[in-house]
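Values in this text are rule-based calculations from the coordinates and carry no lab data. Just so it is clear, the model here is predicted, and its values are computed rather than measured. Note: ideal-geometry Cβ built from the backbone for every residue, glycine included; neighbour counts use all protein chains shown.
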Amino acid sequence: MKKIFILFLSALIVVFSCEDEDLDPRPDLNENVGAITLVEVNPDKNFFNFLASDFAAEEVEFSVDVDGFDLTDITSVEVELVYTDLGAINDPLRGGILDSVFSPVVVEVLSTFPGTVNVTASDVAQALNLPLDSLQVGDRFQITLPINTADGRRLTTALASDLCNQPAQPSFGGCGVAWGIACPSAVPAGTWTTNVSDGSGGFYVIEVTDNGGGSYSVANMNLDYQPAFYGTFTSLPIGGGFTDVCNTITFGQPAEFGVTWSGTGIYDPNAQTITLAEINDPAFGQGPWDNGGAGFVFTKD
């Protein structure tokens, strides 16, 4: 009897084991490793230019391919967008001006690979149900690419994961794309002549150096805009600098002798002029100077 009972118990174990597998058809993750997206961004379409004549049509473009390592059957890849609205919230209790991060929205689903994705500013506004003019300089966008597999999994990964470069653990899914709204700075370097007298019958000349990223330095900002006070002071150059954000110029980089020339103005790319209403030197408690109401106009030579 003991032998018969043991045989019967073994048979029950086999039957129930088979039934358990039928009731729980989940894939073996050791055998179904996963998949990864392969992303390549078009370097000529990698941000929204806020100054474009047709901002709605500004677009980013990237190609998406997938690799299932001959183990995973991929059905689709979602193009999922997260929008960050720069400085949208004023919360003094949490530090003042804060960004607002919107919930993810799917803007497209890819089912054939490789494929090309184009996302315009208009697409973003529609997907987020926002007016187009609510998108402003500094706002940021992040796309992740969740992978849907035939066995029911949804593989995801964080933006800029190491998987984007070397798929050591491809079970975690696809890479992403990030961009923002910006303005390419195009203030030309070189010599600029102002409408300010240099004290010798001519006009003052400055030398502008492009440091990249909208930052510029000026070899001599010691404009002789108060000849009675300074005389012809060109032999003592005092450097400075300014930044350009969407053609809005801000002087304010510290220079020699504790001087920080400050002021805001506009760059006109058509006329190639920089116009400042006034200039200050807060470090010495001087200014503002407005050149007798004429302002300061820098013209590219």
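Observations on the model:
- Vicinal HN-Hα couplings computed from phi for segment 119-127 (Karplus, 6.51 cos²θ - 1.76 cosθ + 1.60; Hz; Gly/Pro x): 10, 9, 4, 5, 4, 5, 4, 5, 5
- Under Karplus coefficients 6.51, -1.76 and 1.60, residue-wise ³J(HN,Hα) of segment 52-60 in Hz, glycine/proline x: 4, 4, 10, 4, 4, 8, 4, 9, 10
- For the pair residue 137 and residue 268, the difference between a 0.36 nm per residue extended length and the Cα-Cα distance amounts to 45.3 nm.
- Label zone at residue 63, where the point sits 7 Å out along the Cα-to-Cβ direction: segment 130-159 residues whose backbone N lies under 17 Å: none
- Applying the Karplus relation 6.51 cos²θ - 1.76 cosθ + 1.60 with θ = phi - 60° to segment 104-115 yields 3J(HN,Hα) values of x, 10, 8, 9, 6, 10, 9, 10, 10, 9, x, x Hz, where x marks Gly and Pro.
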